[in-house]
1. Let me know the shape class of the stretch 203-284, please: from the alpha-carbon gyration tensor, a ≥ b ≥ c as square roots of the eigenvalues, rounded when a/c is under 1.5, otherwise prolate if a/b is greater than b/c, or oblate.
2. On full extension of the chain, what length is gained from LEU218 through SER169, given 0.36 nm per residue of separation minus the C-alpha to C-alpha distance?
3. Search the structure for amide H atoms under 5 Å from the amide H of ALA123, placed 1.01 Å from N in the peptide plane, and list their residues when 5 or more places away or on another chain.
4. Can you tell me what percent of all Cα-Cα pairs in the stretch 435-530 are more than 19 Å apart?
5. Can you list residues from other chains, or at least 5 along the same chain, whose modelled amide H is less than 5 Å from the amide H of SER295?
6. Over the stretch 51-104, what is the relative contact order in percent, taking alpha-carbon pairs closer than 8 angstrom and at least six residues apart?
7. Calculate the translational D of the stretch 89-252 in whole µm² s⁻¹ from Stokes-Einstein, where the hydrodynamic radius comes from the Kirkwood formula applied to all Cα pairs, the temperature is 37 °C and the viscosity 0.692 mPa s.
8. Given the peptides 96-102, 25-31, arrange them by the average over their residues of other C-beta atoms within 10 Å, most packed first.
Amino acid sequence: MATTTVPITTVPTTTVPTVTRAIVLWCPDWPVTATMHTHEIADDIPVALVDRNLVFACSAAARAEGVKRGLRIREAQARCTQLQVFPYDPILDTRTFEPVLAAIEEIMPGVQLVRPGTCVLRARGPSRYYGSEERAAAELLRCLEGLGIAGGRVGIADGPFAAEQAARSTGYDAIRIIPAGQSPTFLAPLPVTLLPQTELTALFRRLGIHTLGDLAALDTTDVRERFGEQGARGHLLASGLDSAGVVPRTPPKQLDRTIEFEPPLDRIDQVTFAFRATADTFIAGLTKAGLVCTSIRIEVTAESGQVSERTWLHPRLFSVTDVVDRVRWQLQGSGAIDSGLGSPIARVRVTPESVDDIGHHEEGLWGGGADERIHHGLSRVQSMLGHEAVLTATIGGGRVLAERQQLVPWGDRATHAAGTKQPWPGSLPAPAPATVFETRRRVGVFASDGQPVRVDDRGTVTAQMALFSTTGSIRDAREVSAWAGPWPILERWWDAQQSRSIQRFQVVAADGTAWLLMLDGDEWTAEGRYD
């Protein structure tokens with residue numbers, strides 16, 4: 001009997017992604033809310049945040065006057081004359097939203113930050129604890145109201161993407177719950193531009209795919225082959241099959257330390273001696289966390305309520321002695337260590353602002369070498385004589401040489417009013433003079449007939465330079481063998497108070513010395529000398 005073998009065909013099974021039931025809390029206009037809370041501005045005041053001269057976000061009062069996102073600032077101010085304008089600061093958004101996340105974690109652990117103003121949680125735990133999803137959402141809104149934040153929205157659906165769209169479409173209600181399994185139906189009429197794949201949404205629209213339902217109706221394999229992994233991800237979101245789980249954030253470690261004095265202390269040496277143990281605890285906490293600190297912020301609160309706050313930098317890393325020294329310097333300024341204070345000190349707080357992994361600052365096998373010895377020597381002198389006693393030279397911004405040299409205390413970072421990387425048209429090309437005078441010296445430049453040389457309004461030299469005097473008097477003048485210029489400097493011509501018009505020249509005297517001269521009005525001065 002013949003046996004027929006029938007081949008068995010394996011049919012691939014389609015794996016359905018696991019979808020997490022999610023709760024999304026959304027605070028509309030959070031950048032504006034953060035700015036208004038920081039500056040203590042009333043809710044009825046029109047406020048706009050500006051980024052690159054365009055309105056980035058605006059308050060409800062500003063929108064009522066016709067202000068909207070994308071307007072130029074002049075047009076926005078023309079529509080609303082009472083508009084208060086602030087620069088958009090993303091760091092402020094994050095810092096202001098941190099207390100909100102901390103408050104939510106106290107009632108519902110496991111929160112994940114999506115962006116400042118938006119966070120997501122798993123719905124299963126809070127809904128079981130509070131009895132239902134609606135009660136959990138109401139508890140979130142009560143938490144916001146306790147922080148003084150109104151207008152929050154909560155959406156609950158299958159997956160974080162659908163839950164966020166539910167939160168943004170609550171209408172007059174503050175809570176919108178999409179029943180389990182109904183997320184595809186809810187998402188179907190929404191525009192495809194809501195997908196995070198911004199590169200593909202424009203292409204989808206050109207192909208006639210205008211809604212999430214249109215995209216979800218396509219075959220998954222065809223979408224993946226045509227649009228790649230990004231397209232497949234967008235197809236899953238549009239189908240209500242968002243497989244992204246909720247990843248709870250790790251709360252930041254509390255590394256700051258505070259000491260309070262009762263009664264308040266009125267002597268600097270008493271404060272620094274009492275703060276020593278707190279500094280030990282502060283550095284020990286950083287070491288335990290595997291970190292070192294390169295920048296700290298010290299807040300000193302006096303009994304009168306006055307607060308002194310300053311950020312201190314360090315060229316390497318802060319030790320206990322360094323922290324105590326910064327507290328002492330902030331208290332005493334230019335006074336002595338045993339001098340009295342204007343008001344007794346009630347509280348001192350130290351907070352790390354910039355930290356780094358401790359492994360990046362380990363000493364070498366034979367120590368740190370010459371750089372470490374230099375640092376310890378300069379720090380020792382600084383601790384004995386004061387913060388301003390040891391200065392280092394840095395290069396600043398500007399056209400005049402005296403503006404480019406700045407002295408900053410050892411360990412501090414130079415803060416230049418003018419940027420060092422700007423083109424600075426009109427600045428002197430290299431090489432610069434070897435000697436730059438701290439205060440420009442008055443000199444004299446004369447023609448062959450003894451008359452001072454000037455520059456007219458058209459930038460033309462009135463006569464050839466023949467004589468040069470380092471004292472300004474023609475009796476001490478020497479012959480000029482060569483000269484070049486002028487190179488004009490015209491700054492802030494629109495500001496009568498800060499405008500400046502200067503002509504610069506290079507002059508070589510007969511004795512071989514070369515000078516960089518400046519003509520400011522009718523006065524000749526020497527800015528530097530080429531040695």
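Every number in this text was worked out from the coordinates using simple rules, so none of it is lab data. Keep in mind the model is a prediction, meaning the values are calculated, not measured. Reconstructed Cβ throughout: ideal geometry from the backbone, glycine too, with neighbour counts over all protein chains shown.
1. Numbers: a/c = 5.78, a/b = 4.90, b/c = 1.18.
Prolate, because a/c is 1.5 or more and a/b exceeds b/c.
2. Length gained, LEU218 through SER169: 15.1 nm.
3. Residues meeting the amide H criterion: ARG21, ALA22, ILE23.
4. The share of Cα pairs beyond 19 Å in the stretch 435-530 comes to 37 percent.
5. Placed amide hydrogens put GLU353, SER354 under 5 Å from SER295.
6. 29
7. It comes out at roughly 193 µm²/s.
8. 25-31, 96-102
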